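K.L.:
Below you'll find the structure I mean.
Please treat every number below as a calculation from the coordinates, not as lab data. Just so we're clear, the structure is a prediction, and the values are computed from it rather than from any experiment. So basically every Cβ, Gly included, is an ideal-geometry build from the backbone, and we count neighbours across all protein chains shown.
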Amino acid sequence: SQEQNQLHFLIIPMGSPGHYIPTIDMAKLLAQHGVRVTIVTTPVNALRFGSILDQAIESGLPICFLEFSFPYKEFGIPEGCESIDDLPSLGLASALMQAYRSLQTQIEQYIEKLDPRPNCMLADTFLLWPGDTAKKFQIPIVIFDGMNCFTLMCNHVLHLSKVYESVGDSELFVLPGLPDRIELTRSQLPFTFSSTIKGMSDYNEKLRVSESEAFGVVVNSFEELEQGYVDKYQQEKGDNVWCIGPLSLCHKDESEKVQRGNKSSVNKNDCLKWLDSQEKGSVMYACLGSVSRIEPAQLIELALALESSKRPFIWVVRAGHKTEKIEKWIDEEGFEERTKDRALLIHGWAPQLLVLSHPAIGGFLTHCGWNSTLEGVCAGVPMVTWPQFQEQFYNEKLVVQVLRTGVSVGAQKTSGLLVDEDKPGELVKSEAFLKALEIVMEEGKEGEERRKRAKELSKIANTSIEVGGSSHRNMTRLIEDIKKLSKK
Ligand code: UDP
């Protein structure tokens, strides 16, 4: 039968929007290339992924779900909580990962009964265990960690050189052996380099092992964006590195752009109507991703800067476990009322792709999560960069220094919130936001050149996924590589 001959990928995403959104996009893209995909999921995630995939399935793409139960109770996780952004406290993150680990047995029982076996497993790196399952059934595994080659190389050279070990926390040092002179402080590095968080170096080592034992690595990026870093990473890892992004570009229609991740907190038509009423390139869009938990006092500084810019803006209000506090401030201050002539506040989840692709957007204030950053690149808008933690400080360097399409607000260190969410981090003042925002939006020569570069990159991004483009070629190469393995 056709099913018997069709290449079959088993996809295992991880529970955080920044991971499962691009993984599901990848599933859709593989299906568009004729691969049959099965996505491992759990009850609540099935609903979230479903909204992304409904259309794909309706249009006849070969995608199906494999739904397993999720052991909330056993691991002390609130009922229905399958994603890091839904956790009442980030202290439960490791319990959540443990709960994910318990899916392994269910997945292995499924594979055991399957004939023929899947041709490939594609799994999130951070899960760690899919590599063991793949080994057990002799299925090639390709891993995905949601980052870019720039980040992978930064981590790589830091790990090899250990330069960060001999410097003070706020002392700038150069990351050795990279194509550009990239400087950071120890306080800006991902937690995996932390000496104070227990178990980090152990975890780091496990990640490296799972990466090196995998058949290859898929990257949500495109070669032209970071060629020097792609080349370096391939020198390290061999040819089995496939840059197949930007994955968000697999959504073409407005309705697909809305159905991504969570249910949008704003009505699509209201949002478009508001955007349509704004001048081209005039709106600053401020959104800080799905997991960062930012102190209300810090969000107030941001809000005041957006207000005093006198420019139109969209602000996505989300403070995780402290959302109530910031909503109370907005309410008491009458902030929404007082800015209503030129501001749209989205309380909760924004239809980010829809917003970013609207011509009214002139700038993106981002926390530099890789998905958001790349979505900003695709939209061709300059960025105001405000990294929070993990690899976000690397991404800021890529945008500000290498691509030269962004301006930094000047954050000095990772916010402590992932480690201790009640310990306030550094406070970035409203003046710093305002200054960066004005530089990005100004009409002068520098601003024009920045906008031009951003537009140019967006064009290249869009070409890379078309037939003949680098990412399209890499996707074909990945599929061919798996086919060859399957014939052996
Ligand atoms: N996102 C969205 N609406 C929101 C917030 C986030 O659609 O209100 C999407 C965003 O488009 C991106 C993902 O969620 O695809 C967030 O991933 P990213 O890597 O930027 O950041 P993280 O949430 O992992 O920090």
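K.L.:
Check each of the trypsin sites (Lys or Arg not before Pro) in the range 228-321 and keep only those in coil by DSSP with at most 13 other C-beta atoms within 10 angstrom; list them in order. Each step should come with its number before you reach the end.
P.N.:
Values: sites: Lys232, Lys237, Lys252, Lys257, Arg260, Lys263, Lys268, Lys273, Lys280, Arg293, Lys310, Arg318; in loops: Lys252, Arg260, Lys263, Lys280, Arg293, Lys310, Arg318.
Those satisfying the criteria are Lys252, Lys263, Lys280, Lys310.
K.L.:
If you don't mind, there's one more thing I want to ask. Taking Rh as the Kirkwood radius, which is the inverse of the mean 1/r over Cα pairs, what is the Rg/Rh value for the range 207-348?
P.N.:
1.09
K.L.:
Follow-up question, since we're still on this one. Please list the equivalent ellipsoid semi-axes of the range 17-176, computed as the square roots of five times the alpha-carbon gyration tensor eigenvalues, in descending order and whole angstrom.
P.N.:
Values: eigenvalues 194, 88, 60 Å².
Calculated on Cα positions only, the semi-axes equal 31, 21, 17 Å.
K.L.:
Same structure again: Express the Stokes-Einstein translational diffusion coefficient of the range 325-381 in µm² s⁻¹, to the nearest whole number, given a Kirkwood radius over alpha-carbon pairs, 4 °C and a viscosity of 1.567 mPa s.
P.N.:
Working: Rh = 13.1 Å.
Result for D is 99 µm²/s.
K.L.:
Can you figure out the FRET efficiency of Phe191 with Lys340, using R₀ = 51 Å and their beta-carbon distance, to the nearest 0.05?
P.N.:
Values: r = 39 Å, r/R0 = 0.77.
According to the calculation, E is roughly 0.80.
K.L.:
Enumerate the whole-percent occupancy of each 5 Å bin, from 0 to the last occupied one, for all C-alpha pair distances of the range 179-222.
P.N.:
Pairs per bin, as whole percents: 5, 16, 16, 17, 23, 19, 4, 0.
K.L.:
For the range 256-272 and the range 105-170, what is the centre-to-centre distance using only Cα atoms, to the nearest Å?
P.N.:
Taking the Cα centre of the range 105-170 as reference, the centre of the range 256-272 is 32 Å away.
K.L.:
Determine the dipole magnitude for the chain: charges of +1 sit on the beta-carbon of Lys and Arg, -1 on that of Asp and Glu, nothing else is charged, the reference point is the Cα centre, and the result goes in debye to the nearest 20. Write down the numbers at each step before the final one.
P.N.:
Details: 53 positive and 66 negative charges, 183 e Å.
Here the chain has a charge dipole of around 880 debye.
K.L.:
Considering the dipole of the range 137-254 built from charges on the beta carbon (Lys and Arg +1, Asp and Glu -1) around the Cα centre, which of Leu189, Trp242, Ser166 is farthest to its positive end?
P.N.:
It is Ser166.
K.L.:
Here is a follow-up. Out of every Cα pair in the range 328-429, what percent are spaced more than 16 Å from each other? Present the calculation step by step, with values, prior to reporting the outcome.
P.N.:
Values: 3317 of 5151 pairs.
For the range 328-429, the share of Cα pairs beyond 16 Å comes to 64 percent.
K.L.:
Okay, moving on. Return the distance in nm (one decimal) between the two label points of a simple spin-label model at Glu443 and Glu332, each offset 7 Å from Cα along Cα→Cβ.
P.N.:
Rounded to a tenth, the inter-label distance reads 4.0 nm.
K.L.:
Now a separate question. Dipole size in debye (nearest 20) for the range 22-132 around its Cα centre, Lys and Arg Cβ +1, Asp and Glu Cβ -1?
P.N.:
Numbers: 7 positive and 14 negative charges, 39 e Å.
Roughly 180 debye for the range 22-132.
K.L.:
Averaging over every viewing direction, what projected area does the convex hull of the Cα atoms of the chain cover, in nm²?
P.N.:
Working: hull surface 88.3 nm².
In nm², the orientation-averaged hull projection of the chain is 22.1.
K.L.:
Under a point-charge model restricted to the Cβ atoms of Lys and Arg (+1) and Asp and Glu (-1), what is the dipole moment magnitude of the range 208-341 relative to its Cα centre, in debye to the nearest 20? Display every interim value, and only then the final one.
P.N.:
Working: 19 positive and 25 negative charges, 48 e Å.
So the dipole magnitude of the range 208-341 works out to roughly 220 debye.
K.L.:
If you don't mind, another one. How much of the calculated P(r) for the range 222-293 lies past 18 Å, in percent of all Cα pairs?
P.N.:
Values: 1642 of 2556 pairs.
In whole percent, the share of Cα-Cα pairs in the range 222-293 beyond 18 Å is 64.
K.L.:
Through the Karplus equation 6.51 cos²θ - 1.76 cosθ + 1.60, θ set to phi - 60°, convert the phi angles of the range 124-133 into ³J(HN,Hα) values in whole Hz; use x for Gly and Pro.
P.N.:
Whole-Hz 3J(HN,Hα) from phi for the range 124-133: 5, 3, 5, 6, 6, 6, x, x, 5, 4.
K.L.:
Can you give the net charge of the other residues whose Cβ lies under 12 Å from the Cβ of Lys459, counting K and R as +1 and D and E as -1? Intermediate values should be presented prior to the final figure.
P.N.:
Numbers: positive: Lys452, Arg453, Lys455; negative: Glu224, Glu456, Glu466.
Here the count lands on 0.
K.L.:
Also: Taking every eigenvalue of the Cα gyration tensor of the range 1-94, multiplying by 5 and rooting it, what semi-axes result, largest first, whole Å? Show your work: numbers first, answer last.
P.N.:
Values: eigenvalues 160, 33, 23 Å².
Over the Cα atoms of the range 1-94, the semi-axes work out to 28, 13, 11 Å.
K.L.:
Rule-of-thumb check for the range 95-231: C-alpha Rg over 2.2 N^0.38 Å? Mind showing how you got there, number by number?
P.N.:
On the way: Rg = 17.6 Å, N = 137, 2.2 N^0.38 = 14.3 Å.
Dividing the Cα radius of gyration by 2.2 N^0.38 Å gives 1.24.
K.L.:
Using each residue's phi in the range 206-218, evaluate 6.51 cos²θ - 1.76 cosθ + 1.60 at θ = phi - 60° and report the 3J(HN,Hα) Karplus result to the nearest Hz, with x for Gly and Pro.
P.N.:
Along the range 206-218, the couplings run 4, 4, 5, 5, 5, 5, 6, 7, 6, 5, x, 10, 9 Hz.
K.L.:
For the chain, what is the mean residue ellipticity at 222 nm derived from helices alone (per DSSP H run of n ≥ 4: -39500 (n - 2.57); sum divided by total residues; nearest 500 deg cm²/dmol)? Can you show the working numbers first?
P.N.:
Working: 20 runs with 215 residues, N = 488.
It comes out at -13000 deg cm²/dmol, rounded to the nearest 500.
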